[in-house]
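Each remark here refers to the structure printed beneath this line.
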Amino acid sequence: YFRRKDNLMEVLVSALSPRPVRRRAAMALVLVLWVLVILTVLIVAMAQNTRLENAIRMAAGDRVTARWAARAGIHQGLGLLRQDGGTTDGLYDSWYENPGRFQEVPLFSASFTVLADRFKLNHEFSYGLEDEAAKVNLNTAGREAILALPEMNETIVAAILAWRNTRRVSGGETDSPTIQTIVESALQIPSLTSFLTIREAGLLPEVNRKILYGEDTNRNGVLDTNENDGDRMDPPDNEDGRLDRGLLAYVTVYSYDWNRDGRGRRRININTAPLAVLETELELSYPHALWILENRVVKMKSIASLLMVDKAPEQGTGLAGGSEEAEPLDLQTFRRIADRITVTDEDRIPGRININTAGKAVLQTLPGITEPLAINIVEARTALSEGYTSIAELLLVPGITIDLFMDIAELITVRSNVFTIRSCGRAERTGIQHTVEAVVDRGQDPPMVLYWKECDY
């Protein structure tokens, strides 16, 4: 009875309630639910957008931080170069190998590292600057020297020489200045210069990316994981556990040597200096100075010509004419004056190789220098507290004869002016990295930037 009564009441209530009211209540409930859903979606989307915007702002800020940290590394290198007051440049200078000043140097919320390729073992970093005089200069080196470089062949050498010969536009072919002549003038580059930057060699059809960079595309001098995994990650490599450094590790277009001694004095030209200058400036005895005058009737092409002790004095100099008073220079006297003399009046001599910093592969590009001799040169300079202080000290190296020294004397030096600073800045918060590669000429005052390249990693 009661169950029937409850059902009857429900029927009566339902019959008496207006239908529009029920519909509006249902629609309102649905609308409220949809509003809640939309608000939830908007809140989630706004939260995601906020996180994304924060991440973008953080990344953008850290990118700037990494960039300026990398530039700080460039200035660190420049500072050490300017502080270097040595008379020679070599392995023991503060710019060469200095982890304390170049390895993960902290800088607020970032750090910088300056790396160089020293041809160490595959996984050993070298923290310092690269000496451009430790490489073969493509603008001045002869065919045989370029051909002696690792992985070089006749086709590439011919392409380099052809490019070098056809790019010489500063010889008066046109009266109006070109971009190249303007750049050459600004950088004080000799007018026969062909390659303005080293990467310009990559424009040659015969020099592809593999030849130019090898496997070391980031130029850090070590074998990274992606450089020893075959073709799985860029760059392609042969997965042999050995770093192929490519052409860039061995060549330059920037190196030069001032025709001055270790104290910055202009050298004495033994082809033109008067007798009195040879005696006073070089502190030579009269017989030694007279011997030089009597033997320069034919222009000496190298300072090593002074070691021609078996050569009879030339006649007809207008001086003593082979007098008995003339006395050939002994080896000790030559070593004493070698850094003080020259055979040219040119103030700037491009392309000389620094025997204090050049590796074995580059030393072997010099005429007559075999691999054993290159090893002897490297071992001898390592044993010296300051490296070679004069090119004449090569005569003390086992296997270096006077005849061999005569062939290489005008191709080598013990000083450097141009350096590559490769600095990597890293933001600590996100790990974003930025690399700056700068080639700087310390021989100018203030130092001049010859090349600048930036990239993110």
Requested in this report: For the stretch 430-452, enumerate the residues that are open to solvent by 40 Å² or more (accessible area, probe 1.4 Å) and either free of Cβ contacts under 8 Å to residues at least 40 places away in the same chain or among the small types (Gly, Ala, Ser) (or both).
Outcome: Asp445, Pro446, Val449, Trp452
Query raised in the report: Which of the residues belonging to the stretch 251-283 are polar (S, T, N, Q), open to solvent by 10 Å² or more (accessible area, probe 1.4 Å) and not in a strand (DSSP E or B)?
Result: Asn271, Thr272, Thr280
Requested in this report: Have a look at Asp244, Asp216, Asp240 and point out the one that is farther than 29 Å from Ser416 by Cα and modelled with pLDDT under 90.
Outcome: Asp240
**Report entry** Residue check, Ala69 in contact with a strand residue (DSSP E or B) (Cβ under 8 Å, 6 or more places away or on another chain), of a type outside the set (Asp, Glu) and either open to solvent by less than 30 Å² (accessible area, probe 1.4 Å) or not in a helix (DSSP H, G or I) (or both)
**Finding:** yes
Requested in this report: Quickly run through the stretch 398-418 and pick out the residues that are of a type outside the set (D, E, K, R), free of Cβ contacts under 8 Å to residues at least 60 places away in the same chain and open to solvent by 10 Å² or more (accessible area, probe 1.4 Å).
Outcome: Pro398, Gly399, Ile400, Thr401, Leu404
Query raised in the report: In the stretch 361-389, how many are touching a residue at least 60 places away in the same chain (Cβ under 8 Å) and surrounded by 15 or more Cβ atoms within 10 Å (Cβ to Cβ)?
Result: 10
Report summary line: Going through the stretch 146-157 in order, the residues found to be out of contact with any helix residue (DSSP H, G or I) (no Cβ under 8 Å at 6 or more places or on another chain) and not in a loop (DSSP other than H, G, I, E, B) are Thr155
Query raised in the report: For Ile421, are the conditions met, namely being farther than 23 Å from Glu132 by Cβ and in contact (Cβ under 8 Å) with a residue 60 or more places away in the chain?
Result: no
Query - Test for Leu78: is it open to solvent by less than 60 Å² (accessible area, probe 1.4 Å) and farther than 12 Å from Ser423 by Cβ - result: no
Query raised in the report: Of the residues Arg242, Arg219, which single one is open to solvent by 40 Å² or more (accessible area, probe 1.4 Å), part of a loop (DSSP other than H, G, I, E, B) and among the basic types (Lys, Arg)?
Result: Arg242
Query raised in the report: Restricting attention to the stretch 129-143, does a residue exist that is over 22 Å from Leu450 (Cα atoms), in contact (Cβ under 8 Å) with a residue 60 or more places away in the chain and part of a helix (DSSP H, G or I)?
Result: no
Report task. Might you check whether a residue that is touching a residue at least 12 places away in the same chain (Cβ under 8 Å), part of a loop (DSSP other than H, G, I, E, B) and of a type outside the set (S, T, N, Q) occurs anywhere in the stretch 223-230? Result -> yes
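The values are calculated or read from the model by the stated rules, or taken from the named source; none is laboratory data. Remember, predicted model here, so these are calculated numbers, not experimental data. Cβ coordinates were reconstructed from backbone atoms using ideal geometry, including for glycine residues, and neighbour counts include every protein chain displayed. To get the accessible areas, we keep the full protein, side chains included, count just its heavy atoms, and leave off ligands, DNA and RNA. Shrake-Rupley method; radii C 1.70, N 1.55, O 1.52, S 1.80 Å.
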